[in-house]
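Below: one structure, written as structure tokens.
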Amino acid sequence: MTDHHEEFAAGTIEEQLDTLFQVDDTGASSFPQSDKRLVQDLHALSTYTPDRQADQASIDRVLQRLQQRHAASAEQSADASNMLPIQPHIKKQNDQKRIIPMQRASTPRVRRPWLEALVAILIIGLFIGLLVVFLNIYPHMTGSHPEIIPTAVPTHSAIQQQRTPTVTSPSKTATPVSAQLPATQTSCPTSGTARAAIMTPLTATSHRGILYREQSATATDTGQIKRYDVTTGITTTIFTANPSSGVLDIGPALTSAEGQWVVFMAIQDGNYRLYLMRSDGQELQTLYCTSDPSVGVASWSPNQHYLILQTTAKYHVAAHLTSIDLTNGNVREILEAPNAKDVSALQVIGWVGNTGIYVRYAWNSGGVTCNNYSLALLNDVSKDVSQQGSNLQSIPLTTDAQLQVPWKTDTHCHDFSVSPDGSQLLFDNYMTPVPTNGMQVPVIPTGPSNLSLRPIAGGDEQIFNDAPTHNITSAGFITNTMVWFVIQNPAPNTDKNGLWTMNTDGTNLVHIITEQAANNVSYVPQPFSQDGQEFTLDTDNKQQQTLAFGSTNGGTITTFATTQSPEMFVLIGWVQF
């Protein structure tokens, strides 16, 4: 340890002691404090082994002088009694002398460079660790986050490819199960009466589906109602016409507004029965029976309280509408056409709330090709026909729409539909094909045509889609602010043919599907999903019939059923299950 010898040389300490004595004699300093400082210096010196004999002699003199000074101070001041006498202890080891630290009140400070270096390293490491933690926590404290790069969104066609084609068992669908169902009846109620509906709602509806009928065009003893699960791609038969049980054929069907129920007509034991069934195939029940084959399901109130049946005119019986109160089974005739000769049918085309209906009167043609209709509002379906004198309100249409066009005249025709909320009329003003005699195909005109809106209470029509060189042959509402329409032009002007959607303010025009007129495909836009986001499509080229669905925003169209003649499909509607 000779490196520190010069720093703590005894000669230096003797010089400091002489200075101390001189200063203390003048009263400029307090000796006890300086004495303690010299003791500490001497203690530090004692931790090193002296290299020269002179150093040891000098140390001895210093100790002696300090003891003498301490004794003198103790006699002069009472405060000096608190100081401990300095008692050196010198021990020889291996022929060298080592100074043993003196006893004193405070603990001596020992310098160990290796320990200081270790502490410094630990402090630096701790600082780096805290810095790393701070940098990781800081982004969350300030609300900023690293950039997230999204993965590619799969297209609808890609999702279709991910479905397992071998999964065909209906038992593998995740259909929600409701509480234990009450007993239902499938026998006919008393003639002229109806049975109150038993409608246990599903506890959950996580799947969407499309209902359709499949039957033979040549046989009357076959038929099925099938449900295509849009979520899983599985098709399930939920009702079958079974000749052994007397069910021979399935007729018109209708889904409820919320998509959990379906009503349909079927022939059984010589009666035309009105069935009610839940969308998962449960709670099949017979609500009403009739022997009249002209009876069909017309419409269902939004709250599922009233079901409207329509009876077409025949012989000397006028067309009429009948309502069934599903809460109690009450049956009443609510509207009758003036006579069987002039009006062929009464068609329900919309609701006002849950009790009012818009009725289209379809007048017999009498050589008229279009514009043979009128519109009325029946305010309350809970009243029978004897109470409807002041309950029926005529809705005026445009002059052109009321003008009956003579046969063999190539001129404008009009058709209309009512918005879901019952506040607007949509007019499709189009050109009618010119009929021809014999085997000639009717000539399809190329425009002009347009779509217009008008408040149902009256007012001017506002055109929002003008097509001077295209023929819009059909149109209808999807929602209160979105419509669909079909363009059908003759060759060669066929690039715009097909199904379109657009908003009623003229925006968001989308060409959903296109087809060349030469392919002889007829478009039958069918029910849209409850939210108006998806549609179903029935295409038939006289060789093959196809059912498909797609988004009203465009994109991939998915085919889910195909059949060959004489088998045929009839779309029913969208369901939730």
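One table, with the values for the structure above:
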{"quantity": "Simple label model, 7 Å out from Cα along Cβ direction - Glu567 to Ile128, nm", "calculated": "7.4 nm"}
{"quantity": "Chain lengthening between Val510 and Met199 when straightened (0.36 nm per residue, less Cα-Cα)", "calculated": "108.1 nm"}
{"quantity": "Three-way shape label, segment 183-295, alpha-carbon gyration tensor, a/c 1.5", "calculated": "oblate"}
{"quantity": "Cα gyration tensor shape for segment 224-274, rounded if a/c is under 1.5, else prolate or oblate", "calculated": "oblate"}
{"quantity": "Modelled FRET efficiency - R0 25 Å, Gln180 with Thr237, Cβ distances, 0.05 increments", "calculated": "0.55"}
{"quantity": "Surface accessible to a 1.4 Å probe, Asp384 within the full protein complex, Å²", "calculated": "60 Å²"}
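The values are calculated or read from the model by the stated rules, or taken from the named source; none is laboratory data. Model, not experiment: these values are computed from the prediction. Backbone-built Cβ (ideal geometry, glycine too); neighbour counts: all protein chains shown. The area values use the complete protein model at the heavy-atom level, side chains included, leaving out ligands, DNA and RNA. Shrake-Rupley method; radii C 1.70, N 1.55, O 1.52, S 1.80 Å.
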